[in-house]
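The values are calculated or read from the model by the stated rules, or taken from the named source; none is laboratory data. These figures come from a predicted structure and were not determined experimentally. No Cβ is skipped: glycine too gets one built from the backbone with ideal geometry, and neighbour counts run over all protein chains shown. Note: accessible area is taken over every heavy atom of the protein model, side chains too, but ligands, DNA and RNA are not part of it. Shrake-Rupley method; radii C 1.70, N 1.55, O 1.52, S 1.80 Å.
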Amino acid sequence: MWKFILKAGNIDGKSIFTHCFGRLQNRSIYPLLNAVYRDDKVISDIDYIVNGVRSYHCKSGRWKEKSYIRACFNKKKLVSIVHEIDRLIRDEFKLGYYLKPNMEDTRIADLIAVAFNEAVKEIKHNERKRINIDFSVLKKIRNDAEITKTNLLVDEDIDEKDDIQNTIEKHYIEYDDGNKSKTENSDFNKISEKSDDINLNILKYIVAGKDYKQLIRLNNMFTSIITDNINEAFFEEIGDNILECEGDEIYLVEDYREDILNIIGEIYE
């Protein structure tokens, strides 16, 4: 609404901004006036722009400031504009108690009313365009995606997973009391070593900037799980996470690159 009011036009030859804050003023300033300093250098002419409402200019060794002077601010008019906007908002959206109009300049009040009507139209238009999400449809999409992912697994992949599961089950012996204990099953140790090798290879690919996603796809692994496994494996040595995961992307924490290379050795084979 404020932007609309500023663009609405002039009243008595002055913009609403000028009515509230006056005009840009040029006034002489004297930097370091009370300081002791050597004055044996010629000061070059310079223009220093701080922002759109304040700048400093030096010409022939004399400084001037171009800005809006606080003494020229019409605080009463500015407060009345904000009050009128607040009043209309409370009335339209039933917020808090109602305020009485106190806008003395009816011409500005008319501009505020027009700006407010435009703002309300835009709000209502955006509400009509708002998208309603049917969460039951989202659930169906997730279920369909899960079925599709399962169907994409070839029989060989499924058989391999069954073999791994059977081997893991062989790794435990169940005693008469129902407790389970690990055995020194060589097949299981090989699978563990294979898993560690995959994680290490993926880490090497990440450090080298190679396509690590292909390894992840070939081994039917999850990006987040790989990240957690590698971080856990290196936490004791590094004392911090060396990888960060965002969606399907894994990022190396560059601060630890040299430490990782010292641990895993040469990667550019």
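The residues of segment 67-91 that are within 25 Å of G22 (Cα to Cα) and either open to solvent by 80 Å² or more (accessible area, probe 1.4 Å) or hydrophobic (A, V, I, L, M, F, W, C) (or both), listed by number, are I69, R70, A71, C72, F73, K75, K76, L78, V79, I81, V82, I85.
Test S55 against the criterion of being open to solvent by less than 50 Å² (accessible area, probe 1.4 Å), in a strand (DSSP E or B), at pLDDT 90 or above and not hydrophobic (A, V, I, L, M, F, W, C), and give yes or no. Answer is yes for this residue.
Checked against (1) closer than 22 Å to F116 by Cβ; (2) under 39 Å from the mean Cα position of the chain (by Cα); (3) polar (S, T, N, Q), S55 passes all but condition (1).
Scan segment 25-43 for residues that are within 10 Å of R62 (Cα to Cα) and of a type in the set (G, A, S) and the total you get is 1. Within segment 54-70, does at least one residue satisfy the condition of being of a type outside the set (D, E) and closer than 18 Å to I5 by Cβ? Looking for residues that are of a type outside the set (D, E) and closer than 18 Å to I5 by Cβ, one finds at least one in segment 54-70, hence yes. Of all residues in segment 14-41, those that are free of Cβ contacts under 8 Å to residues at least 24 places away in the same chain have Cβ atoms under 6 Å from Cβ atoms of residues that are not in a strand (DSSP E or B), 6 or more apart or on another chain, in F17/L6. Within segment 89-108, the set of residues being over 39 Å from the mean Cα position of the chain (by Cα) and either among the small types (G, A, S) or part of a loop (DSSP other than H, G, I, E, B) (or both) comprises K100, P101, N102, M103, E104, D105.
May I ask you to verify whether K64 is free of Cβ contacts under 8 Å to residues at least 40 places away in the same chain, closer than 16 Å to A109 by Cα and open to solvent by 50 Å² or more (accessible area, probe 1.4 Å)? No.
Inspection of segment 231-241 finds a residue satisfying the criterion of being farther than 14 Å from I206 by Cα, open to solvent by 80 Å² or more (accessible area, probe 1.4 Å) and at pLDDT 85 or above.
If you go through segment 10-51 and pick out every residue that is assigned to a loop (DSSP other than H, G, I, E, B) and either open to solvent by 80 Å² or more (accessible area, probe 1.4 Å) or farther than 30 Å from L78 by Cα (or both), you end up with 18. Modelled with pLDDT under 90, charged (D, E, K, R) and surrounded by fewer than 16 Cβ atoms within 10 Å (Cβ to Cβ): does that describe K94? Against the criterion (modelled with pLDDT under 90, charged (D, E, K, R) and surrounded by fewer than 16 Cβ atoms within 10 Å (Cβ to Cβ)), K94 qualifies.
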